1. Full-extension gain between Lys60 and Leu17, please, as 0.36 nm times their residue separation minus the C-alpha to C-alpha distance.
2. Order 170-177, 106-113, 12-19 from most to least packed using the mean count of other Cβ atoms within 10 Å.
3. For helix 41-53, report the angle its Cα long axis makes with the longest principal axis of the Cα atoms of the chain; keep it between 0 and 90° and round to the nearest 10°.
4. Helix 77-88 sits at what angle to the longest principal axis of the chain, using alpha carbons and giving 0 to 90 degrees rounded to 10?
5. For segment 36-180, report the accessible area per residue in Å² (1.4 Å probe, heavy atoms, rounded to an integer).
6. Compute the helix-to-body angle for 6-15: its Cα long axis versus the longest principal axis of the chain, expressed 0 to 90° and rounded to tens.
7. Classify segment 43-126 as rounded, prolate or oblate, taking a ≥ b ≥ c as the square roots of the eigenvalues of its Cα gyration tensor: rounded when a/c is under 1.5, otherwise prolate if a/b is larger than b/c and oblate if not.
8. Length gain on complete extension for the stretch Arg163 to Tyr41, per 0.36 nm per residue less the alpha carbon to alpha carbon distance?
Amino acid sequence: MKTYNHTTYALLGILTLDCRTGYEIKQLIDQSLNHFWKISYGQIYPNLKKLVTDGLATVKVKSQDGKPDRKEYFLTTKGKEVLQNWLAEPLQQITDERNEVLLKLFFSRHQPADQTQSLLLHYKEELQKKIDTYEAIEEMIMNWNPQSPDATYWLYTLDYGRRTTRAAIEWCEATIEKIK
């Protein structure tokens, strides 16, 4: 069986959510997946074309008055099977996190302690903004359609982000105390 990159699998999943155009897909990514999986416009369109070429999706072109034609993508039965097969596979790797604050902290003996504390305080503030964003997303999900079969899984994903972010905030606080 042919394997695809993770962006392709992400797009297959997104097509199950009634996002039909490249623009709608990018909007969904920016509002949800972007917190844990980055996909650019430059990745979306070539991958959508590949989905169609490989029979995993179909495309319908709708003409619009005074605007460019609108391409709408639809998941095929084969596309759904490929998505389900990928979901059933074991994880291939646990990704290593690239974290600028950890990189800077690693070399922080080369700066005054108060600068390192300032770095960590700023990081903690940014993490708190993420928590606030997660709470807003949760409210949006609950107001949108809490009975949606997808909502439960979106909330699980959101809970992971919230818990790891809270753990990072606790780590900031503990590290700042140790530096004092």
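The values are calculated or read from the model by the stated rules, or taken from the named source; none is laboratory data. Worth saying up front: this structure is predicted, and the values here are computed from it rather than measured. Glycine also receives a Cβ, built like all others from the backbone with ideal geometry; neighbour counts cover every protein chain displayed. Just so you know, the surface numbers come from the protein's heavy atoms only, side chains and all, with ligands and any DNA or RNA stripped out. Shrake-Rupley method; radii C 1.70, N 1.55, O 1.52, S 1.80 Å.
1. 13.8 nm
2. 12-19, 170-177, 106-113
3. So the inclination is approximately 30 degrees.
4. For 77-88 against the chain, the angle is about 30 degrees.
5. Value returned for segment 36-180: 75 Å² of accessible area per residue.
6. Roughly 60 degrees, rounded to the nearest 10.
7. On the way: a/c = 4.79, a/b = 2.11, b/c = 2.26.
In terms of gyration-tensor shape, oblate.
8. 41.0 nm
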